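Enquirer: Below you will find the structure I want to go over with you.
Values quoted throughout were computed directly from the atomic coordinates according to the rules given, and no laboratory measurement underlies them. Just so you know, these numbers come straight off a predicted model, no measurement behind them. Don't worry about glycine lacking a Cβ; one is built from the backbone with ideal geometry, like all the others, and counts go over all protein chains shown.
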Amino acid sequence: MSAVSIYLSSDHAGCALRQLIFDYLEGRGNKVFDLGPYNTKSVDYPDYGIKLANALKPDPSARGIAICGSGIGISIAVNRFAWIRGALVSNVEAAVLSRQHNDANVLVLGERLVDPKVALECTDAFLTTVFQGGRHQRRIERLTTIGVKR
């Protein structure tokens, strides 16, 4: 499916879905890294968003998958980093568009809101869809300067 490294991170409310996706991707021969947490004891999603962002920084070709209960909190956390374009999705079409139009490098899912089968379909779509470039490229370039003081 993908020759790139894939990093997974969640909070406690995303552990089950993260494990399902990890097993699914690893079973298909992907290079997958699980950043935790490794149990369902309560943790803070910003900490795991930071772990994911830091893991992706040295490898621009890598992809990430971030999960929390709704997906909202960890989405906000990962998108604090200039090199992250995290897309919170709940269906395959959104996963495809996040790659085609936004060159998203992090797929964000809400374990409590997305059916596991749909989450796996979103994962496949996210990892196999190519960025279209063209008119979308200038928009992606603008994202890197938002909030940056010159």
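Enquirer: At K31 and I140, where each label point lies 7 Å from the Cα along Cα→Cβ, what is the point-to-point distance in nanometres?
Expert: Going from the K31 label point to the I140 one covers 2.0 nm.
Enquirer: Okay, moving on. Cα axis of helix 45-56 to longest principal axis of the chain: angle in degrees, 0 to 90, nearest 10?
Expert: 60 degrees
Enquirer: Another one. So for D103, D11, fewest C-beta neighbours within 10 Å to most, what's the order?
Expert: D103, D11
Enquirer: So for region 8-150, averaging the separation of alpha carbon pairs under 8 Å that are six or more residues apart and normalising by length, what relative contact order in percent results?
Expert: Relative contact order for region 8-150 comes out at 23 percent.
Enquirer: Hey, if you put +1 on the Cβ of every Lys and Arg and -1 on every Asp and Glu Cβ in the chain, which of I21, N102, S90 ends up farthest toward the positive end of that dipole?
Expert: Looking along the dipole axis, the top candidate is N102.
Enquirer: Run the helix sum for the chain: -39,500 (n - 2.57) per DSSP H stretch of 4+ residues, divided by residue count, reported at 222 nm to the nearest 500 deg cm²/dmol.
Expert: One gets -12500 deg cm²/dmol as the mean residue ellipticity at 222 nm.
Enquirer: With a ≥ b ≥ c the root eigenvalues of the C-alpha gyration tensor of region 69-150, is it rounded (a/c under 1.5), prolate (a/b larger than b/c) or oblate?
Expert: oblate
Enquirer: Continuing with this model, one more query. Go through region 72-123 and name the trypsin sites (Lys or Arg not before Pro) that are in a DSSP coil and have 14 or fewer other Cβ atoms within 10 Å of their Cβ.
Expert: Passing both the DSSP loop test and the Cβ count: R80, R112.
Enquirer: Then there is this: How big is the shadow of the Cα convex hull of the chain, averaged over all directions, in nm²?
Expert: 8.5 nm²
Enquirer: Calculate how steeply helix 15-27 sits against the longest principal axis of the alpha-carbon atoms of the chain, using the helix alpha-carbon long axis, and give the answer as 0 to 90 degrees to the nearest 10.
Expert: It is inclined by approximately 80 degrees.
Enquirer: Apply the Karplus parameterisation 6.51 cos²θ - 1.76 cosθ + 1.60, with θ equal to phi minus 60°, to every residue of region 63-78 and state each ³J(HN,Hα) to the nearest whole Hz, in sequence, with x for glycine and proline.
Expert: Per residue, the Karplus-derived 3J(HN,Hα) values read 10, x, 10, 10, 9, 9, x, 9, x, 5, x, 6, 5, 4, 4, 5 Hz.
Enquirer: Rounded if a/c is under 1.5, else prolate if a/b beats b/c, else oblate: with a ≥ b ≥ c from the C-alpha gyration tensor eigenvalues square-rooted, which is region 35-88?
Expert: In terms of gyration-tensor shape, prolate.
Enquirer: Mind checking which aspartates and glutamates have their Cα closer than 13 Å to the Cα of K41? Skip sequence neighbours fewer than 8 apart in that chain.
Expert: Answer for K41, where 13 Å is the Cα cut-off: D11, listed by chain and number.
Enquirer: Rank these for me by crowding, K31, K51, going from fewest to most other beta carbons within 10 Å.
Expert: The order, fewest Cβ neighbours first, is K31, K51.
Enquirer: Treat every Asp and Glu Cβ in the chain as -1 and every Lys and Arg Cβ as +1, leave all other atoms uncharged, and give the resulting dipole magnitude about the Cα centre to the nearest 20 debye.
Expert: Here the size comes out at about 720 debye.
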